[in-house]
Amino acid sequence: MNTPTHRSILVVYRPAAGRYTAQFRSVVEAAADLGVRTVVLLPSGQEAPEADGLPQYHADLENSDAVRAAVDTIVAEHRIERIFPLFEGDVLPASRSRKDHGIPGLTPDQALNFRDKNVMHRRAEELGVRVARSCRPDTVGAVAEFADQVGYPVVVKPYAGWACGSTYRVDDREELDRVWAEMGDDRHEYRVEEFIRGTEYHVDSLFQGGEVVFEQLSQYTYAILEYLNEPGGTISRKYGLTPGEQRILELNALVLRGFGLSTGVVHAEFFLLDDGEVVFGEAGARAGGGSIVPAIEAGRGINLAGEWCRLELDPQYRTEARLGPEIGTEYLSSGEYGRIVAITTPAELTALEAVLDADVWKGVGDVLAPPTRSNDVLGWYVCEGTDFEDVRARFKTVRDVFRVETEQA
C-alpha cells in the first residue's frame, strides 16, 4: 500500500439549505492558501457542487460508527492532518475519528464538554461558574417537584440538542403533563432547567494554543425560546462594555480553557442578570449558526471557519480583525404559510441603506410551514449602525420592506 504524502484536511460538510456553504468555501480556500488539499465527507445521497474537484466520500452522518468507518477509509487514502466539523451534530463523531487516528484536535472527552449539556454544566460548575439549576426527568413527579422548588417556568430540552429543537418552556403543571406526553419514551434524552430571567448574550471566539486570539460579544434582541413570536436578532457589543459584559468575556475564556479547548472556534451563550451576575448557558465547538458567521465577516473582516483552519494548520498564523462599527444581524421570517408566490430578494435588501449582506433561503414555489427550530427561517440580513439602539431601529426598517406572499399549498 502506498503511504499518502499530500497534506490534507477533512471537512465534514452538510450542504442542505446552503447554510454552511460560505464556511465550507472559506475552509477550502484557507487550506489551499497553505498548500493543503481538502477532502470532503458528505451525507449519504447528497451532492455538493461547491465540492466539485475535491475528493468526496459519503456516510450516514447520523451514525457515529458509519462516520468512523468512512474516516478509516479516508485516512488510508489521504494524509489527514485535521478534521473540521462545521455542524454541531458532527463535533462528537469527528472527535472519535481523531482519537482513532491520532489526529490533533478535540478529543471525545473534551468534545463531550461542548455537546452533552449534562457534562457541560457540571464541568462549568467545577470551574466555579454559575449555571441554571437542573434535574434529570426520571419521572414526571421528579420534574414537578423540581419545578415547585425553583418555580415555573422551567425549560425541558434535549441534553445534546441545538437551535431549540424539541425544547419546551413549561409554565405550569398542566403544560408539564402535555410536554411529558410528547416526550414519550425518550425522556432519557432530555434534561430540565430552571428558567433564567436575564439579558442573553453570545461570545464567538477563536483560540490558538489555549489563548483567545479573537472574541466578539453580542447581545440577542429577543429571547431565544420565543423564536415563534419574533425574528431572531443579535447585535455586536464592541464599545463601552459594562462591568457585567466584561465579566462575560472573562468567564468565556475561563470556561473554554476549562473545557480543554486548545485551538478552535466556539459559540458560547451567557445570561446577564439584573444584579450583574453572569450565568453560563451553553457552548458549541463550532462557528455560530445562522447569520453569525457572515455578520462577523461583514463587520470584522474574517470568516470564523476559515480562520479556524488557518490557526490549526499554521502555528505562526495570527488573526487580524478590524473593529469597525456595531454590526447587527436578524433572521428573515414571515407569518404567512403555504406555497410562496412572491418574496423579497437579497438584492432588494442589500440596496437598503446600511444593509451589508443578505441571503434568502426560500424562493417562489417553496412551501412555508410553522417553524420547529430557532433557525427554521427564510434567510437573514446584516446591517451596521452607530450603537445597539441604532442597529435595532434599522432592523425595523428592513423588516418593514421584507415581503412574502403565499397561496394555499
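The values are calculated or read from the model by the stated rules, or taken from the named source; none is laboratory data. Bear in mind the structure is a predicted one, so any value in this text is a computation, not a measurement. Positions of Cβ are backbone-derived with ideal geometry, glycine not excepted, and every protein chain shown enters the neighbour counts. Keep in mind that these areas ignore ligands, DNA and RNA; they rest on the heavy atoms of the full protein, side chains included. Shrake-Rupley method; radii C 1.70, N 1.55, O 1.52, S 1.80 Å.
Things to note:
- Length gained when the stretch residue 175-residue 352 is fully extended (0.36 nm per residue, less Cα-Cα span): 59.4 nm
- Separation of alpha-carbon centers, the range 277-296 and the range 123-159, rounded to whole Å: 22 Å
- Anchor residue 238: lysines whose Cα lies under 27 Å away (excluding residues fewer than 8 positions away in-chain): 396
- About the Cα centre, charge dipole magnitude for the chain (Lys/Arg +1, Asp/Glu -1 at Cβ), debye: 1000 debye
- Here the relative contact order of the range 282-409, from alpha carbon pairs under 8 Å that lie six or more residues apart, stands at 31 percent.
- Rounded D (µm²/s) - the range 281-409, Kirkwood Rh over Cα pairs, Stokes-Einstein at 25 °C, 0.890 mPa s: 151 µm²/s
- Listed by chain and number, the lysines whose C-alpha is less than 21 Å from the C-alpha of residue 117, apart from same-chain residues fewer than 8 away, are 157.
- Partner aspartates and glutamates whose Cα lies under 14 Å from the Cα of residue 99, excluding those fewer than 8 positions away in the same chain, are identified as 65, 72, 81, 109.
- In the chain, taking the dipole from charged Cβ atoms about the Cα centre, the farthest positive-side position among 3, 64, 380 is held by 3.
- Dipole of the chain, positive end: most advanced residue of 397, 202, 28 [Cβ charges, Cα centre]: 28
- The range 86-114 versus the range 333-409: alpha-carbon centroid distance in Å: 35 Å
- Taking all protein chains as they are arranged and a probe of 1.4 Å, the heavy atoms of residue 83 leave approximately 10 Å² accessible to solvent.
- For the chain, a Gaussian network of Cα nodes joined below 10 Å ranks 199, 21, 386 by mean-square fluctuation, and the top entry is 386.
- Dipole check for the range 28-154: with +1 at the C-beta of Lys and Arg, -1 at the C-beta of Asp and Glu, and the Cα centre as origin, the magnitude is about 520 Debye.
- Carbon + sulfur, % of accessible area of the range 1-73 - ligands and nucleic acids excluded, 1.4 Å: 47 percent
- Positive-end ranking of 160, 101, 137 along the dipole of the range 73-199, with charges on Cβ about the Cα centre, is headed by 101.
- The mean sequence distance of close C-alpha pairs (under 8 Å, at least 6 residues apart), as a share of the length of the chain, puts its relative contact order at 14 percent.
- Net dipole in debye of the range 254-409 [+1 Lys, Arg Cβ; -1 Asp, Glu Cβ; about Cα centre; nearest 20]: 400 debye
- In sequence order, calculated HN-Hα J values of the range 297-305 (Karplus, 6.51, -1.76, 1.60; Hz; x Gly/Pro): 5, 5, x, 10, x, 10, 9, 4, 5
- Dimensions of the chain based on its C-alpha atoms, expressed as ranges along the principal axes with the largest first, amount to 64, 51, 49 Å.
- Mean separation of Cα contacts under 8 Å, 6 or more apart, over the residue count of the range 172-326: relative contact order %: 22 percent
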